[in-house]
1. Once every DSSP H run of n ≥ 4 in the chain is given -39500 (n - 2.57) and the sum is divided by its residues, what mean residue ellipticity at 222 nm do you get, rounded to the nearest 500 deg cm²/dmol?
2. Only four residue types carry charge here, +1 at the Cβ of Lys and Arg and -1 at the Cβ of Asp and Glu. Report the dipole size of the chain about the Cα centre in Debye, rounded to the nearest 20.
3. How about residue 147: which aspartates and glutamates have a C-alpha closer than 16 Å to its C-alpha, ignoring those fewer than 8 places off in the same chain?
4. Would you mind counting up the charge near residue 87? Only other residues with Cβ under 15 Å from its Cβ, with Lys and Arg at +1 and Asp and Glu at -1.
5. What is the sum of charges around residue 243, taking Lys and Arg as +1, Asp and Glu as -1, for the other residues whose C-beta is under 11 Å from the C-beta of residue 243?
6. Show me the helices of the chain, taken as full DSSP H stretches, that run 15 Å or more along their long axis by Cα and average -0.5 or above in Kyte-Doolittle hydropathy.
7. Using a Förster radius of 41 Å, what is the FRET efficiency between residue 14 and residue 249 based on their Cβ-Cβ separation? Nearest 0.05, please.
8. Taking the mean number of other Cβ atoms within 10 Å as a proxy for protection, how do you rank 117-126, 44-53 from highest to lowest?
Amino acid sequence: MQNLSSQLMRRPNEHDDKYSRGVVGFVTGSEEFPGAAVLGVSAAMRVGVGMVRYLGPDSVAKLVLEVRPEAVVQAGRAEAWVVGSGVPETPNSEQSKRIARIAGQPGLLVADAGALALIDFDSALATCVLTPHAGELAALLTRLGHKWSRTEVESQPATACELAARLTGQVVLLKGSKSVISNGEKSVTTETAPAELATAGTGDVLAGIIGALLAANAKDILGGGIDLVEVCRLAVALHSRAAELASANGPAVALDIAEAVRLAVEEQLTASGQNHE
């Protein structure tokens, strides 16, 4: 994991600006589920990107700014997008229209939660990482013409994940106590995650971590120099370690874990030999 960390994460230097460190955009959250936006944005910032951009309802944007005043709440460039966390599966809503526009353009995209039902992967031009839990993967497979139940996905996670990856042509990260990541040809199963991740909102945190890693390495990923499966594997490792750190002194919730991502990143940078100058 140290070699992977040194390839995907680095400390900023005197030649950097906010754009060279990567910009990640979010189309997440809703009036029903505003917290999803805060959690993903917070996690992405703690990975170390140069800018986080948020697009969504005014009430949610206001909440994001209250918690993370560094966020930019207007349209603009981004090397990667995170979409769908906390977004209802409602066609023709403003959030669903934003998601469709982004998925219809070349680039990097994390499709979480509601976006899994809203994006037509047959026509999407974005290079995507899909992040379903078992129930969402069962619904996606069924929509794609292969009827699966949640119970079947849970009993055959690797098979279900690989099938979804082949059907969509995208990388799929099936979240669970042991996550499975597949591009349809290569599949990996991660180590057992800390039980502390069994709390609301931690999936939003993971989506933010992935989005930040994509944004920081967009050129190399799109050029084929970096394996998306390996990016996802690092994201899962950071997510798990952040949960361990956040819960060291008692029960932790998702925002605690998002904030602890910076500690997990610092450990990886130090272990890979990137010490402070």
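1. Details: 12 runs with 129 residues, N = 277.
It lands at -14000 deg cm²/dmol.
2. Details: 23 positive and 31 negative charges, 80 e Å.
That gives the chain a dipole magnitude of about 380 debye.
3. Within reach: 136, 162.
4. Working: positive: 97, 98, 101; negative: 31, 32, 89, 94, 112, 136, 204.
Taking every other residue near residue 87 into account, the sum is -4.
5. On the way: positive: 241; negative: 196, 244, 256.
Here the count lands on -2.
6. Working: long enough: 35-47 (19 Å, 1.49); 157-168 (16 Å, 0.52); 202-216 (21 Å, 1.76); 228-246 (27 Å, 1.02); 254-271 (25 Å, 0.59).
Sorted by number, the helices that extend far enough and score high enough are 35-47, 157-168, 202-216, 228-246, 254-271.
7. Values: r = 36 Å, r/R0 = 0.89.
Calculated value: 0.65.
8. Values: 117-126: 16.6, 44-53: 23.7.
By packing density, highest mean first, the sequence is 44-53, 117-126.
Read-outs: derived from the displayed coordinates by stated rules, not from any lab. Since we're looking at a predicted model, the values are computed, not measured. Ideal geometry is used to build each Cβ from the backbone, glycine not excepted, and the neighbour counts take in all protein chains shown.
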